[in-house]
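Reading through the structure tokens given below for one structure.
The values are calculated or read from the model by the stated rules, or taken from the named source; none is laboratory data. Source: prediction; values computed, not measured. Here the Cβ positions follow ideal geometry from the backbone for every residue, glycine too, while neighbour counts run over all protein chains shown.
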Amino acid sequence: MLDIQLLRADTAAVAARLSDRGYVLDVAQFTALENERKAIQTETQDLQARRNALSKQIGQLKAKKEDASALMAEVNAQAEQLKSLEQGLEAVQQKLSDFLMQVPNVPHASVSSGRDADANVEVRRVGEPRKLDFEAKDHVDIGEGLGLFDFETATKIARARFVIMKGGLSRLHRALAQFMLDVHTTEHGYTEVYAPYLVNADSMRGTGQFPKFEDDQFAVTADGLYLIPTAEVPVTNIVRGEILNLAQLPLKFVCHTPCFRREAGSYGKDTRGMIRQHQFEKVELVQIIHPDQSYDGLEALTGHAETILKKLELPYRVMALCTGDMGFSSAKTYDLEVWLPGQNAYREISSCSNFESFQARRMQARFRNDKNKPELVHTLNGSGLAVGRTLVAVLENYQRADGGVDIPAALQPYMGGLKALEPVR
């Protein structure tokens with residue numbers, strides 16, 4: 001949630017920056033709500049001043065043993081008026097809160113303006129795509145050729161956008177998640193956490209999924225719970241409503257979970273294979289950090305995600321997203337895009353974002369600063385990495401002409417020394 005003081009100080013400037021990301025701020029509605037709030041507060045202050053003056057007069061009359069009943073009746077009437085004004089102020093404050101819940105974060109000054117992904121900026125490119133001396137297959141043909149992917153049966157069991165993996169492919173998927181967790185905990189200093197896969201609406205609101213993206217969530221309506229779209233939700237909400245000590249910062253968590261998304265807005269997109277599934281897994285990185293350190297933290301977190309790609313020797317590039325391509329809650333985002341020979345293209349495998357105080361304000365997640373005063377933390381998160389998409393990248397980049405797939409050296413210890421998924425003879 002945006003800081004309302006920012007909007008009050010310079011509504012036009014905020015509206016202009018939000019327009020860069022394709023959002024039209026309803027300035028008229030905000031101004032009307034603000035005028036209503038100010039009018040109620042002014043009337044309340046005037047009434048309280050009048051009441052205080054009357055109370056003083058009543059005291060003086062009583063000291064003189066004179067009749068103060070008329071003034072006391074007026075004070076009692078004002079109590080009812082003040083109660084009504086208090087209720088009116090509470091109502092308009094709620095309207096302002098509901099209004100702000102729909103407003104995306106303001107992009108950081110370093111984020112370039114642009115309408116869509118075409119305006120994203122390549123920051124760096126690492127590794128060279130392997131030159132294959134045969135026609136590259138995509139991951140679906142590779143996995144089905146090995147007899148280890150089964151989309152048809154998954155559709156029978158559930159519906160489209162699910163998959164069954166078998167044998168060595170299932171083990172490779174599991175190995176990737178374990179490998180990522182080990183790297184982030186032993187080399188990057190993250191604390192592994194196990195978190196709920198079902199969360200309440202307050203948690204969804206805290207990280208910005210609600211109310212904007214409620215239609216994208218799988219809901220367990222009988223219990224008022226929601227399947228998590230990413231571990232960002234339960235892990236970031238660990239600090240909801242908390243006031244941390246300065247010495248506790250930064251908190252660095254890593255969490256491996258399944259993720260569930262209805263993909264309500266993606267009809268017809270990436271319907272083939274594992275790129276866009278209703279159920280998938282991620283190893284998520286979350287940092288709760290001091291505001292002064294959050295942009296250094298973003299660079300570090302992005303580097304941590306990159307480490308996985310480097311160790312797997314997968315070619316990738318880092319893209320700084322423009323204003324029009326960033327997520328709702330983000331102030332700045334880097335996407336990591338891995339090379340997929342089967343698509344002859346780079347595809348997103350991780351998004352690393354700084355939300356500044358946007359999520360913290362919703363969650364009331366704070367710390368005591370060096371003056372011992374509560375201050376909002378900054379929150380960061382990024383995939384380190386999306387497990388299914390990393391599996392896709394390994395299959396396509398390590399494919400062989402005979403249909404087999406070599407296992408990256410970094411993963412072989414997690415595969416019992418297995419060096420390849422061999423084709424069925």
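Checking the condition surrounded by 15 or more Cβ atoms within 10 Å (Cβ to Cβ) and under 30 Å from residue 356 (Cα atoms), which residue from 43, 34 passes? Within the list 43, 34, the selection yields 34.
Of all residues assigned to segment 354-367, at least one qualifies as being in a strand (DSSP E or B), closer than 30 Å to residue 18 by Cα and not aromatic (Phe, Trp, Tyr).
Scanning segment 36-92 for residues that are acidic (Asp, Glu) and either in contact with a His (Cβ under 8 Å, 6 or more places away or on another chain) or not in a helix (DSSP H, G or I) (or both) gives 66, 67. The residues of segment 367-425 that are among the basic types (Lys, Arg), closer than 29 Å to residue 272 by Cβ and surrounded by 14 or more Cβ atoms within 10 Å (Cβ to Cβ), listed by number, are 389, 400. Checked against the criteria, residue 17 does not count as modelled with pLDDT under 95, more than 14 Å from residue 102 (Cα to Cα) and either of a type in the set (D, E, K, R) or surrounded by fewer than 13 Cβ atoms within 10 Å (Cβ to Cβ) (or both).
Residues that are without any contact (Cβ under 8 Å) to a residue 40 or more places away in the chain and within 22 Å of the chain's Cα centre (by Cα): does segment 187-196 have at least one? The answer is yes; a qualifying residue exists.
Take segment 23-49 and flag every residue that is modelled with pLDDT under 95, in contact with a helix residue (DSSP H, G or I) (Cβ under 7 Å, 6 or more places away or on another chain) and of a type outside the set (S, T, N, Q). Residues satisfying the conditions are 43, 47. Across segment 180-221, the qualifying residues are those that are touching a strand residue (DSSP E or B) at 6+ places or on another chain (Cβ under 9 Å) and of a type in the set (Phe, Trp, Tyr), and the one among them that is surrounded by the most Cβ atoms within 10 Å (Cβ to Cβ) is 190.
Among residues of segment 16-43 that are over 30 Å from residue 81 (Cβ atoms), those with a Cβ under 8 angstrom from a residue that is exposed (fewer than 12 other Cβ atoms within 10 Å of the Cβ) and of a type in the set (A, V, I, L, M), sequence gap 6+ or separate chain, pair up as 18/24; 27/12.
Rundown of residues vs (1) within 30 Å of residue 396 (Cα to Cα); (2) among the β-branched types (Val, Ile, Thr); (3) surrounded by fewer than 16 Cβ atoms within 10 Å (Cβ to Cβ); (4) touching a helix residue (DSSP H, G or I) at 6+ places or on another chain (Cβ under 8 Å), yes/no style:
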residue: 226; (1), (2), (3), (4): no, no, no, yes
residue: 235; (1), (2), (3), (4): no, yes, no, no
residue: 250; (1), (2), (3), (4): no, no, no, yes
residue: 254; (1), (2), (3), (4): yes, yes, no, yes
residue: 260; (1), (2), (3), (4): yes, no, no, no
residue: 278; (1), (2), (3), (4): yes, no, no, no
residue: 283; (1), (2), (3), (4): yes, yes, no, yes
residue: 296; (1), (2), (3), (4): no, no, yes, no
residue: 301; (1), (2), (3), (4): yes, no, no, no
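Looking at the structure I just gave you, is residue 318 within 26 Å of residue 138 (Cβ to Cβ), in the same structural domain as residue 395 (by TED's automatic domain parsing) and buried (at least 20 other Cβ atoms within 10 Å of the Cβ)? Considered against the rule, which asks whether it is within 26 Å of residue 138 (Cβ to Cβ), in the same structural domain as residue 395 (by TED's automatic domain parsing) and buried (at least 20 other Cβ atoms within 10 Å of the Cβ), residue 318 comes out as yes. Among the criteria (1) under 34 Å from the mean Cα position of the chain (by Cα); (2) of a type in the set (A, V, I, L, M, F, W, C); (3) in a loop (DSSP other than H, G, I, E, B), the one residue 154 does not fulfil is (3). Looking only at segment 329-353, filter to residues that are small (Gly, Ala, Ser) and part of a strand (DSSP E or B); which one of those is nearest to residue 138 (Cα to Cα)? For segment 329-353, the residue satisfying everything is 345.
Please find, within segment 263-322, the residue that is nearest to residue 245 (Cα to Cα) out of those that are in contact with a Pro (Cβ under 9 Å, 6 or more places away or on another chain) and of a type in the set (D, E, K, R). Result: 282. Listed by first and then second residue, the pairs linking a residue in segment 229-250 that is in the same structural domain as residue 294 (by TED's automatic domain parsing) and within 19 Å of residue 212 (Cβ to Cβ) to a residue that is modelled with pLDDT of 95 or more and in a helix (DSSP H, G or I), with Cβ atoms under 6 Å apart and 6 or more places separating them unless they lie on different chains, are 232/207; 233/203; 233/207; 236/207; 237/203; 237/206; 240/206; 240/363.
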